[in-house]
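The structure appears below as structure tokens.
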């Protein structure tokens, strides 16, 4: 085939692909897709999966210290769900042609990124409330949008996850509500938690639209349906009244309701902090990477043993 | 011995054993050898927490002093905990964890299978649920013991070491005292000494498939179910109980 | 990456209630069929979603391709006589 012919064929594919996206159809693994679409999706999905798995650690930190058996069970179920959700998303990402072990390698070598929020420490029990309420609350805003994205396996994973995650944010809010109606020390713990987590949670939505390098393509392809700033605003609008209802103070002096825009106005986000956390210089980046690397390394002989056994049986 | 006092103690022994093992399972969460196994161990942890809550609640009711499941779990010291010592042993590595689940699980399975027929309806009901759970835990652990034992040289060595280290806590699984005697007479508890032969058979079968030799002789620990523990329990409890102890007035 | 570190995938099909058809739930990584079954139970049965599970090695599945869509499925378009509502029932007859 000559060169112009190849280009013409390629253009046909691109046109057909764009038409499918424009018509709101989903793209499935074996469908033709532009290489850049595949790459961007793989980056986004593997980052998302890594975030679920690394996200087990800050909450896992309190499993053995949960203050009641009910709370222990709820927290364990929640952290376990995160493992499950990581698994679903890896599985969706594998349909793009990269296997899970390879993605995990990229995480462990520091090449792949994950949500910045998990590089902050969990320092008191109220952090379990703050993480559930705010971090999972932010995740739901994000994931509800992704459930309508153009890539079928991603959208389906999100639908399942949103259904399961419904309780995560609620249990977090319940912990906060309990603590705010509890003793003075409990109220202080709750306020301390939100003081530390509020701004990093806002950063979770990513840089502001003007500085979001991958956003244009992702929005054109309907992988992202809303911009970072839109989603952030949506999160703030729904969270502020929840905070007021339990009497917890959001650490932002500039926060106020604007009746004209019908949105909350808020203070300036320190995107330099976000940048340094994402590039490996947050409070817990080294610890999280060590924890994941240790687990992987310590589990290698287990994974190998199981394969060795299966190979022996297959030969019989 | 008065039935209610005996029954209280009987329930707390079961509940403590489930809870302490659950606590060990929690330690794995986020650190397992593969994602699927993280999920599996969490499931087992959740089952065990559920079992402990059921038996604590019943114990609290029998005691009728207005205490809750949490009061019993969080406000007793190490000498008052009545779990079998095997469950408080540290995770060490995946082979230890699976071996511990296996050796204890086989007994728990047999015990609950008998308790399903208990004359005490609450015990029978709680045991019915626990029996299903333990059936799965034993299956899961057995599959792993076999794969580790007959996997690679490294895995064989590790699971062998686990077996040899944990074996000293196996006689204790069958220990009984006047609590059991009182309740066996009234058809409430089960005579675990009668389960030994079947336990031996279950264990031997899996060990054979895993190409592991059953250890012989050696020291055997005693008395966990009456508060005689290993050094590990105190550390586990101080971590588990610290919040409610530090803030006794708080409701979480 | 050695294969020893990457367990193969198995497609998981769950039956949500007795008598219902098995539906695709997702997949798991597992070294062999028995472990695949256990993993599937733990991953896709956390909320009592299943009464029965099948696991199938992912490599054993043969799927039609997007290019097959036309030739495979469109020929059914003009065969309306395969559907019961193609047939008119004479008036007064309630059931056939």
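Taking the stretch A:259-295 only, how many residues are at the interface with another protein chain (Cβ under 8 Å from one of its Cβ atoms) and either surrounded by 19 or more Cβ atoms within 10 Å (Cβ to Cβ) or not in a helix (DSSP H, G or I) (or both)?
Going through the stretch A:259-295 one residue at a time, the tally reaches 1.
Go through the stretch A:13-109 and tell me which helices (runs of 4 or more DSSP H), entirely inside it, have 2 or more residues that are more than 9 Å from chain B (Cβ to nearest Cβ).
Per the criteria, A:35-54, A:69-94, A:100-108.
Taking residue A:54 as meeting all but one of (1) at pLDDT 95 or above; (2) within 25 Å of residue A:150 (Cα to Cα); (3) under 13 Å from the mean Cα position of the chain (by Cα), write down the number of the exception.
The single condition residue A:54 does not satisfy is (2).
If the Cβ limit is 8 Å and pairs must be 6+ apart or interchain, which residue in the stretch C:56-80 that is facing chain A (nearest Cβ under 10 Å) pairs with which residue that is part of a helix (DSSP H, G or I) and surrounded by 10 or more Cβ atoms within 10 Å (Cβ to Cβ)?
C:64/C:72
Can you list the helices (runs of 4 or more DSSP H) found entirely within the stretch B:158-252 that contain at least 2 residues being within 14 Å of another protein chain (Cβ to nearest Cβ) and under 15 Å from the mean Cα position of the chain (by Cα)?
Answer list for the stretch B:158-252: B:232-246.
From the set of residues in the stretch B:38-76 that are over 19 Å from residue B:126 (Cβ atoms) and touching a residue at least 40 places away in the same chain (Cβ under 8 Å), which is nearest to the other protein chains (Cβ to nearest Cβ)?
B:40
Kindly check whether there is at least one residue in the stretch A:59-67 that is closer than 20 Å to residue B:43 by Cβ, under 14 Å from the mean Cα position of the chain (by Cα) and crowded, with 23+ Cβ neighbours inside 10 Å.
No.
Name, by its number, the condition in (1) under 26 Å from residue A:21 (Cα atoms); (2) touching a strand residue (DSSP E or B) at 6+ places or on another chain (Cβ under 9 Å) that does not hold for residue A:232.
Every condition holds for residue A:232 apart from (2).
Results for (1) surrounded by fewer than 19 Cβ atoms within 10 Å (Cβ to Cβ); (2) closer than 30 Å to residue B:35 by Cα; (3) touching a helix residue (DSSP H, G or I) at 6+ places or on another chain (Cβ under 9 Å), shown as yes or no for each residue.
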site: C:18; (1), (2), (3): yes, yes, no
site: C:32; (1), (2), (3): no, yes, yes
site: C:48; (1), (2), (3): yes, yes, no
site: C:64; (1), (2), (3): yes, no, yes
site: C:72; (1), (2), (3): yes, no, no
site: C:89; (1), (2), (3): yes, no, no
site: C:95; (1), (2), (3): yes, no, no
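Can you tell which of A:48, A:13 is at pLDDT 90 or above, surrounded by 13 or more Cβ atoms within 10 Å (Cβ to Cβ) and in contact with a helix residue (DSSP H, G or I) (Cβ under 6 Å, 6 or more places away or on another chain)?
Step by step, each of A:48, A:13 is checked, and only A:48 is at pLDDT 90 or above, surrounded by 13 or more Cβ atoms within 10 Å (Cβ to Cβ) and in contact with a helix residue (DSSP H, G or I) (Cβ under 6 Å, 6 or more places away or on another chain).
Say we look at the stretch B:112-134 and pick out the residues that are in contact with a helix residue (DSSP H, G or I) (Cβ under 6 Å, 6 or more places away or on another chain) and surrounded by fewer than 24 Cβ atoms within 10 Å (Cβ to Cβ); which of these is nearest to residue B:40 (Cα to Cα)?
B:133
Among the residues of the stretch B:76-96, which ones are in a helix (DSSP H, G or I) and within 12 Å of the chain's Cα centre (by Cα)?
If the condition is that a residue be in a helix (DSSP H, G or I) and within 12 Å of the chain's Cα centre (by Cα), then B:85, B:86, B:87, B:88 are the ones that fit.
How about the stretch C:34-46: which of its residues are more than 16 Å from residue A:89 (Cα to Cα), part of a helix (DSSP H, G or I) and touching a helix residue (DSSP H, G or I) at 6+ places or on another chain (Cβ under 7 Å)?
C:34, C:35, C:38, C:39, C:42
So residue A:299 passes all but one of these: (1) within 14 Å of chain B (Cβ to nearest Cβ); (2) at pLDDT below 95. Which condition number does it fail?
The failed condition is (2).
The values are calculated or read from the model by the stated rules, or taken from the named source; none is laboratory data. Small disclaimer: the values here were computed from a predicted structure and weren't measured. With ideal geometry, Cβ positions are generated from the backbone for all residues, glycine too; neighbour counts draw on all protein chains shown.
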